[in-house]
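Encoded as structure tokens, the structure appears first; notes follow it.
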Amino acid sequence: MAFDIDMIKKVYATMAERVDKAREIVGKPLTLSEKILYSHLWDGAPTKAFVRGKDYVDFAPDRIACQDATAQMALLQFMQAGKPKVAVPTTVHCDHLIQAKSGATEDLKMANTSSAEVFDFLESVSNKYGIGFWKPGAGIIHQVVLENYAFPGGMMIGTDSHTVNAGGLGMVAIGVGGADAVDVMAGMAWELKFPKLIGVRLTGKISGWTAPKDVILKVAEILTVKGGTGSIVEYFGPGALALSCTGKGTICNMGAEIGATTSTFGYDESMERYLRATDREDVADAANQVAAHLTADPEVYENPEAYFDQVIDIDLSELTPLLNGPFTPDLSTTVGTEMTKKATENDWPLQVEWGLIGSCTNSSYEDLSRASSIAKQALDKGLKVKAEFGINPGSEQVRFTAERDGILELFEKLDAKIFTNACGPCIGQWARYSDPKNAPKNSIVHSFNRNFAKRADGNPNTHAFVASPEITAAIAIAGRLDFNPMTDALVNENGEEVRFDEPTGWELPPKGFEVEDAGYLAPDEDGSGVEVIVSKESERLQLLEPFLPIKDEQLQGVKLLIKAYGKCTTDHISMAGPWLRFRGHLDNIANNTLIGAVNAFNKKTNFVKNQLTGDYEGVPDTQRAYKAAGIKTIVVGDHNYGEGSSREHAAMQPRHLGVAAVLVKSFARIHETNLKKQGMLALTFANETDYDLIQEDDTFNFVDIADFAPDVPLTIEVVHKDGSKDTIKANHTYNAPQIGWYREGSALNVIKRENAA
């Protein structure tokens with residue numbers, strides 16, 4: 001039986017009425033995305049048609065999911081909100097704080113020792129406030145959510161950018177910062193700009209070596225890392241119907257890499273099969289009763305150009321396996337000849353040292369079974385594996401079932417390391433090197449979602465390529481980036497040339513799923529007696545103090561902290577890896593603020609000019625000097641600033657240290673919202689070329705900040721060292737309530753005031 005089945009039935013009970021009303025108001029057939037959005041309005045039944053990409057809308061999500069790294073800050077904020085219990089079903093999943101090193105047993109034991117304080121905190125907070133808790137080792141949040149909580153037609157938010165994975169089960173599931181989650185936990189509306197809609201029509205059928213992963217790798221090539229910003233991507237067509245549910249999840253998962261608000265598929269037989277296989281017959285039965293409302297109206301898919309803002313066509317029969325990377329998930333290369341040519345031209349290391357399978361993107365039973373069919377061939381054909389293997393199962397249910405069915409044994413016979421059911425190398429939790437910064441240039445292939453520099457192992461010289469699990473397995477066995485398993489032969493231990501057959505696998509386990517201990521702890525019905533203790537001496541956890549509002553007079557004489565050059569993701573602003581241990585201690589983790597951003601004036605990282613002394617120092621050190629002097633600062637950046645993870649630390653850390661404004665060419669959606677929530681100015685150049693006017697010793701005066709208002713650009717006077725000045729215009733997307741967040745210091749301050757009233 002499903003979790004929260006009564007809530008799911010309640011959603012379905014009102015869906016028909018709300019969808020019919022929305023169709024009447026909009027005046028035309030509806031996409032699936034619109035049906036879900038209009039049926040989850042905070043005010044209930046729709047009363048107006050919203051303008052895509054313009055109108056801010058209040059929504060009522062059905063549930064919240066949090067992973068341990070971001071849950072700490074989210075729950076520390078919720079503790080300030082003054083509520084006895086979360087208002088909607090919420091879960092916490094411990095998957096980020098487990099380092100991959102020796103193997104599952106030893107690594108989990110080490111994590112339970114080294115992060116005991118954090119796990120105990122999360123467990124006690126969850127117990128106190130009515131939150132479901134998934135223990136370390138239970139699995140990766142998004143796979144666990146897909147197996148237990150996701151349901152067609154639902155709306156979910158999660159404190160991780162890959163929350164979008166649940167679109168594989170027909171949800172509108174959106175990654176947010178912790179402050180957004182706090183709003184919903186506290187029983188308030190969740191605000192989102194009504195998204196634009198991108199339709200992806202899939203025709204043909206995947207076969208052979210091509211996998212669902214190749215669909216999203218192709219979409220990433222087409223749209224790039226920012227092409228989906230502000231949009232929901234809705235997949236449809238006969239090719240979509242032929243995909244498995246977990247395959248759909250993979251495609252939706254990596255929608256985060258194109259900046260999409262979320263991605264989704266209409267309810268179909270593969271979703272019903274998955275629901276029934278994961279012991280949710282009751283959800284499948286309920287979904288079947290409203291199935292017509294869990295996909296788009298027929299007219300939409302018959303004439304998509306009339307209903308979507310953009311339509312992309314992909315013929316799955318013509319799609320070939322792809323490798324995306326290095327250093328960005330949208331640089332797409334066809335396996336084989338094209339990769340050989342491109343790798344040679346760009347001096348990418350052709351030898352592959354590791355093949356990594358798993359992460360929230362590709363760690364299902366189906367993924368492991370298809371990759372294991374390649375592993376079995378290597379054993380049967382007498383091939384010696386040239387690269388090392390690492391496997392991260394998606395959940396304890398997947399791991400237990402895969403072990404029962406002999407899948408993991410095949411990898412173990414190839415000397416693979418079976419890591420914990422956790423994120424591991426995908427988020428930098430990989431103890432690969434003792435000195436990552438000085439590690440050698442190398443290539444790895446993985447089935448993860450992101451491959452930014454230093455992302456997996458901390459080594460800036462690791463060239464990481466994203467591929468399907470089966471291609472990852474084949475290339476790891478061959479040990480060559482230029483290997484094409486569809487055409488190339490390998491020499492086995494007997495000196496014979498052998499070739500791989502096409503991969504095979506199971507959509508769902510033939511014997512069904514099985515697990516002894518899934519790792520779930522239900523909260524007490526009444527948690528009022530539970531005490532949550534945070535030591536003042538702790539280096540891992542720190543109770544929060546409210547941010548003070550930034551006064552208008554503080555925005556005169558603002559100093560430039562850093563002008564970031566090129567790609568500046570949340571990994572650059574607040575690194576993961578070893579820094580994850582401080583995610584619950586704002587002051588300690590602030591010591592990594594912007595240390596990965598490239599200074600435009602010297603092309604170095606963590607090396608900026610302190611205008612007070614003239615010396616060059618690390619970014620956090622320089623910023624702390626400005627804070628001690630009572631001087632506010634500004635960060636200047638390039639396009640798609642803050643892409644990647646939803647981590648709100650990338651906003652809270654600069655805010656804590658005294659950064660008042662971030663001025664860039666364009667923002668990634670989640671990061672822009674996070675900055676707003678923390679009471680900062682998130683601004684974009686009205687004229688992008690003004691980025692070039694900013695000099696190293698500049699001071700900024702916000703001329704008309706007293707008149708800060710919706711739809712009115714701000715005027716900034718930039719004073720250069722020689723006394724000359726430039727006046728620039730800065731656009732913003734603040735509405736009146738968001739300006740209220742800024743004026744009161746943060747959105748949380750507003751929540752506290754309203755709760756106290």
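Out of all the residues in the range 38-52, which are more than 27 Å from Met185 (Cβ to Cβ) and either touching a Phe, Trp or Tyr at 6+ places or on another chain (Cβ under 7 Å) or crowded, with 23+ Cβ neighbours inside 10 Å (or both)? Steps first, answer last, please.
Residues of the range 38-52 that are more than 27 Å from Met185 (Cβ to Cβ), as a first pass: 48-49, 51-52.
Listed by number, the residues that qualify are Val51, Arg52.
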* Asked: Quick one: how many residues across the range 558-583 are buried (at least 20 other Cβ atoms within 10 Å of the Cβ) and over 19 Å from the mean Cα position of the chain (by Cα)?
  -> 8
* Of the residues that make up the range 442-450, is at least one outside any strand (DSSP E or B), closer than 25 Å to Asn392 by Cα and of a type in the set (D, E, K, R)? -> yes
* Given (1) acidic (Asp, Glu); (2) over 20 Å from Leu37 (Cβ atoms); (3) touching a Leu at 6+ places or on another chain (Cβ under 7 Å), where does Glu234 come up short, assuming only one miss? -> (2)
* **Test: Ser102 is polar (S, T, N, Q), open to solvent by 10 Å² or more (accessible area, probe 1.4 Å) and at pLDDT 95 or above** => yes
* **Filter result for the condition that a residue is of a type in the set (Asp, Glu), in contact with a Gly (Cβ under 6 Å, 6 or more places away or on another chain) and open to solvent by 20 Å² or more (accessible area, probe 1.4 Å), over Glu493, Glu514, Glu507** => Glu493
* In the range 689-732, which residues are open to solvent by 20 Å² or more (accessible area, probe 1.4 Å), small (Gly, Ala, Ser) and within 19 Å of Arg743 (Cβ to Cβ)? -> Ala706, Ala709
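If you go through the range 409-419, how many residues are open to solvent by 10 Å² or more (accessible area, probe 1.4 Å) and either part of a loop (DSSP other than H, G, I, E, B) or touching a residue at least 40 places away in the same chain (Cβ under 8 Å) (or both)? Walk me through it before giving the result.
Narrowing the range 409-419 to residues open to solvent by 10 Å² or more (accessible area, probe 1.4 Å): 409-410, 412-418.
This time we only want the ones that are either part of a loop (DSSP other than H, G, I, E, B) or touching a residue at least 40 places away in the same chain (Cβ under 8 Å) (or both), so: 413-418.
Total satisfying the criteria: 6.
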* Asked: Could you give every pair whose Cβ atoms fall below 8 Å, whose first residue belongs to the range 436-456 and is in contact (Cβ under 8 Å) with a residue 60 or more places away in the chain and farther than 14 Å from Lys213 by Cβ, and whose second residue is surrounded by fewer than 20 Cβ atoms within 10 Å (Cβ to Cβ) and aromatic (Phe, Trp, Tyr), counting only separations of at least 6 or pairs across chains?
  -> Ser443/Trp348; Phe452/Phe327; Ala453/Phe327
* **Close pairs (8 angstrom Cβ cut-off, 6 or more residues apart or separate chains): assigned to a helix (DSSP H, G or I) and buried (at least 24 other Cβ atoms within 10 Å of the Cβ) in the range 665-688, among the charged types (D, E, K, R) and modelled with pLDDT under 95 anywhere** => His671/Glu643; Thr673/Asp180; Asn674/Glu648; Lys677/Asp180; Lys677/Glu648
* With the condition kept exactly as written, say whether any residue in the range 137-154 is without any contact (Cβ under 8 Å) to a residue 60 or more places away in the chain and open to solvent by 10 Å² or more (accessible area, probe 1.4 Å). => no
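Any idea which of Ala189, Ala181 is under 23 Å from Pro737 (Cβ atoms) and open to solvent by 10 Å² or more (accessible area, probe 1.4 Å)?
Working: Ala181 fails: open to solvent by 10 Å² or more (accessible area, probe 1.4 Å).
So the residue among Ala189, Ala181 that is under 23 Å from Pro737 (Cβ atoms) and open to solvent by 10 Å² or more (accessible area, probe 1.4 Å) is Ala189.
Return the residues of the range 420-450 that are of a type in the set (Phe, Trp, Tyr) and open to solvent by 50 Å² or more (accessible area, probe 1.4 Å); say none if nothing qualifies.
First, the residues of the range 420-450 that are of a type in the set (Phe, Trp, Tyr): 430, 433, 448.
Listed by number, the list holds a single entry, Tyr433.
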* To do: Residues being open to solvent by less than 10 Å² (accessible area, probe 1.4 Å) and touching a Gly at 6+ places or on another chain (Cβ under 8 Å): count how many of those fall in the range 76-93.
  => 6
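Of all residues in the range 124-135, which are in a helix (DSSP H, G or I) and either in contact with an Asp or Glu (Cβ under 7 Å, 6 or more places away or on another chain) or crowded, with 20+ Cβ neighbours inside 10 Å (or both)?
Filtering the range 124-135 for residues in a helix (DSSP H, G or I) gives 124-129.
Selection gives Val125, Ser126, Asn127, Lys128, Tyr129.
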* Structure fact -> The one condition Val233 fails out of (1) open to solvent by 10 Å² or more (accessible area, probe 1.4 Å); (2) on the phi < 0 side of the Ramachandran plot is (1)
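Looking only at the range 527-541, count how many residues are out of contact with any strand residue (DSSP E or B) (no Cβ under 7 Å at 6 or more places or on another chain), closer than 30 Å to Val662 by Cβ and surrounded by 15 or more Cβ atoms within 10 Å (Cβ to Cβ). Reasoning before the result, please.
Taking the range 527-541 as the starting set, the residues that turn out to be out of contact with any strand residue (DSSP E or B) (no Cβ under 7 Å at 6 or more places or on another chain) are 527-533, 535-539.
Those still in the list that are closer than 30 Å to Val662 by Cβ too: 538-539.
Next cut, surrounded by 15 or more Cβ atoms within 10 Å (Cβ to Cβ) only: 538.
Residues in the range 527-541 being out of contact with any strand residue (DSSP E or B) (no Cβ under 7 Å at 6 or more places or on another chain), closer than 30 Å to Val662 by Cβ and surrounded by 15 or more Cβ atoms within 10 Å (Cβ to Cβ): 1 in total.
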* To do: Being under 30 Å from Ala518 (Cα atoms) and assigned to a loop (DSSP other than H, G, I, E, B) narrows it down to one of Thr401, Thr361, Thr320, so name that one.
  => Thr361
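Restrict the check to the range 623-640 and report whether at least one residue is under 22 Å from Arg581 (Cβ atoms) and outside any helix (DSSP H, G or I).
The first filter runs over the range 623-640 and keeps only residues under 22 Å from Arg581 (Cβ atoms), leaving 623-624.
Those still in the list that are outside any helix (DSSP H, G or I) too: none.
Looking for residues that are under 22 Å from Arg581 (Cβ atoms) and outside any helix (DSSP H, G or I), one finds none in the range 623-640, hence no.
Filter the range 345-364 for residues that are open to solvent by 30 Å² or more (accessible area, probe 1.4 Å), among the polar types (S, T, N, Q) and touching a residue at least 24 places away in the same chain (Cβ under 8 Å) and give the result. Give the derivation first.
At the first step, the residues of the range 345-364 found to be open to solvent by 30 Å² or more (accessible area, probe 1.4 Å) are 345-347, 350-351, 353.
Restricting the remaining residues to those that are among the polar types (S, T, N, Q) gives 346, 351.
Once the filter is applied, which keeps residues that are open to solvent by 30 Å² or more (accessible area, probe 1.4 Å), among the polar types (S, T, N, Q) and touching a residue at least 24 places away in the same chain (Cβ under 8 Å), the range 345-364 yields only Gln351.
Return yes or no: is Lys35 surrounded by fewer than 24 Cβ atoms within 10 Å (Cβ to Cβ) and either of a type outside the set (Phe, Trp, Tyr) or without any contact (Cβ under 8 Å) to a residue 40 or more places away in the chain (or both)?
On the way: surrounded by fewer than 24 Cβ atoms within 10 Å (Cβ to Cβ): no; either of a type outside the set (Phe, Trp, Tyr) or without any contact (Cβ under 8 Å) to a residue 40 or more places away in the chain (or both): yes.
Against the criterion (surrounded by fewer than 24 Cβ atoms within 10 Å (Cβ to Cβ) and either of a type outside the set (Phe, Trp, Tyr) or without any contact (Cβ under 8 Å) to a residue 40 or more places away in the chain (or both)), Lys35 does not qualify.
Report yes if Lys609 is among the charged types (D, E, K, R) and open to solvent by 50 Å² or more (accessible area, probe 1.4 Å), otherwise no. Walk me through it before giving the result.
Numbers: among the charged types (D, E, K, R): yes; open to solvent by 50 Å² or more (accessible area, probe 1.4 Å): no.
The answer is no for Lys609.
Considering the range 295-344 alone, what residues qualify as being open to solvent by less than 30 Å² (accessible area, probe 1.4 Å) and more than 27 Å from Arg450 (Cα to Cα)?
Within the range 295-344, Ala296, Asp297, Val300, Pro304, Phe308 qualify.
Quick one: which of Leu356, Leu383 is outside any strand (DSSP E or B) and touching a strand residue (DSSP E or B) at 6+ places or on another chain (Cβ under 7 Å)?
Details: Leu356 fails: outside any strand (DSSP E or B).
So the residue among Leu356, Leu383 that is outside any strand (DSSP E or B) and touching a strand residue (DSSP E or B) at 6+ places or on another chain (Cβ under 7 Å) is Leu383.
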* Scanning for something in contact with a Phe, Trp or Tyr (Cβ under 8 Å, 6 or more places away or on another chain) and among the aromatic types (Phe, Trp, Tyr), does the range 300-322 turn up at least one residue? -> yes
* Do we find a residue being at pLDDT 95 or above, more than 30 Å from Asn148 (Cβ to Cβ), in a loop (DSSP other than H, G, I, E, B) and among the β-branched types (Val, Ile, Thr) anywhere in the range 541-553? -> yes
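The values are calculated or read from the model by the stated rules, or taken from the named source; none is laboratory data. Computed from a predicted model, the values in this text were never measured in an experiment. Please note: Cβ atoms are built from the backbone with ideal geometry, for glycine as well, and neighbour counts cover all protein chains shown. These area figures cover heavy atoms from the full protein model, side chains too; ligands, DNA and RNA do not enter into them. Shrake-Rupley method; radii C 1.70, N 1.55, O 1.52, S 1.80 Å.
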